[in-house]
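The values are calculated or read from the model by the stated rules, or taken from the named source; none is laboratory data. This structure is a prediction, so every number in the text was calculated from the model and none was measured. Note that we place each Cβ from the backbone using ideal geometry, even for glycine, and neighbour counts take in every protein chain shown. These area figures cover heavy atoms from the full protein model, side chains too; ligands, DNA and RNA do not enter into them. Shrake-Rupley method; radii C 1.70, N 1.55, O 1.52, S 1.80 Å.
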Amino acid sequence: MLLIKDTLVSLDLVERFFVCDLDTCLGQCCIDGDAGAPLLQEEKEAIDANIDTILPLLNPAAQRIIKEEGTSYIDEEGDLVTQIVEGRDCVFTTYAEGGKCLCALEKAYREGKLPQLKPSSCHLYPIRLKKYGDLTAVNLHRWKICKCAEIMGRTKKIRAYEFLREPLIRKFGREWYDELSRTASEWLSQHP
């Protein structure tokens, strides 16, 4: 682990290669799982404040669920999460040609229609955060559907922390990321 300000960063984030390969995995992380995506209360409020712009971007089943039950719910573990459609898709999942899953919130942001509303848990993925008192552990979640991302990262020689630069800066700030980047470079030069 590396101590960066008030975070403990897993060495996996620094040492492992990672670049999402949507053409291979088709965005399976937006579908698989036992609940919706974890949400912060302020993220829920921001999504709800923009729901009139978001609803037309979604499929009819997702629109119906949001109108009837809202954008989120409390799961079995007591966490605030996005609603899911038919026990499977996040309500913000859309499909492109070939069955590729895309986040409607991310797509609208990239097109300039919305501010960045993608939940930080999704934006950071495969990073998972866990609080330990005053410290936050920053871990790299690994599962078989992301194997193609590890291969793509290795091919392109891009480490996970480099690929996740934008969401890490969004979550922790540029100063934090710059310190992580310097520390990672030092670590990798000593542990090739």
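In terms of accessible area, using a 1.4 Å probe and ignoring ligands and nucleic acids, 169, 4 rank largest first as 169, 4.
Expressed as a whole percentage, what fraction of the accessible surface of the chain belongs to carbon and sulfur atoms when a 1.4 Å probe is rolled over the protein heavy atoms?
Working: 5370 of 10580 Å².
The computed percentage sits at 51.
Across the cross-link table entries 44/156; 5/100; 67/118, which are compared at the Cα atoms, the separations over 30 Å belong to 44/156; 5/100.
Along the chain, the longest continuous region that contains none of the GluC sites (Glu not before Pro) in a DSSP loop with at most 12 other C-beta atoms within 10 Å is 112-192.
Rounded to the nearest 500, the helix-only mean residue ellipticity at 222 nm of the chain stands at -11000 deg cm²/dmol, with each DSSP H run of n ≥ 4 adding -39,500 (n - 2.57). Taking only the alpha carbons of the stretch 93-150, we obtain Rg and Dmax values of 14.5, 45 Å in that order. At a probe radius of 1.4 angstrom, the accessible area of the chain per residue rounds to 55 square angstrom. Per-residue surface analysis assigns residue 24 an accessible area of about 90 Å², computed on protein heavy atoms at 1.4 Å probe radius.
For the chain, the dipole from Cβ point charges (+1 on Lys and Arg, -1 on Asp and Glu) about the Cα centre works out to 740 debye, to the nearest 20. Across the chain, the volume of the C-alpha convex hull divided among the residues equals 131 Å³ per residue.
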